[in-house]
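Colleague: The structure under discussion is supplied below as structure tokens; questions concerning it will follow.
The values are calculated or read from the model by the stated rules, or taken from the named source; none is laboratory data. On a predicted model such as this, the values are computed, not experimentally measured, just so you know. Neighbour counts are summed over all protein chains in view; Cβ atoms, including those assigned to glycine, are modelled from backbone coordinates with ideal geometry.
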Amino acid sequence: MDRIFEKKHSKKDVCPLSKVWNEKSDARAFNGNVRQITNAREIIEIKKYMKPGEINVFSVNKLDPEDINILAANTIREVFHANLGESRR
């Protein structure tokens, strides 16, 4: 089965970013933080975490699926309420 997949799909078909990050030397570090979310009702102030050149990761692995849905809905609401402008890029 794997051979059939390999013949029909090349690596670049499966991962469109393979052209961007195709060498280990292309890997680089980013400034930023990883935050563990333990309370699904926590309000994430999106503007607080948006800094040029930084990445912020919110880990939700300790939440139940129902709580992840609540967090996602609240976060999406916060993004729209933040009234963000257009990106400069």
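Colleague: Go through the range 47-70 residue by residue and tally those that are at pLDDT 90 or above and assigned to a loop (DSSP other than H, G, I, E, B).
Modeller: Qualifying residue count for the region: 5.
Colleague: Please work out which residue is nearest to Ala72 (Cα to Cα), limiting yourself to the range 1-46 and to residues that are at pLDDT below 70 and β-branched (Val, Ile, Thr).
Modeller: It comes out as Val14.
Colleague: Looking only at the range 35-89, which residues are exposed (fewer than 11 other Cβ atoms within 10 Å of the Cβ) and aromatic (Phe, Trp, Tyr)?
Modeller: Phe80
Colleague: Of all residues in the range 25-42, which are touching a residue at least 12 places away in the same chain (Cβ under 8 Å) and of a type in the set (A, V, I, L, M)? Steps first, answer last, please.
Modeller: The initial filter retains those residues of the range 25-42 that are touching a residue at least 12 places away in the same chain (Cβ under 8 Å), namely 30-38, 40-42.
Once the filter is applied, which keeps residues that are touching a residue at least 12 places away in the same chain (Cβ under 8 Å) and of a type in the set (A, V, I, L, M), the range 25-42 yields Val34, Ile37, Ala40.
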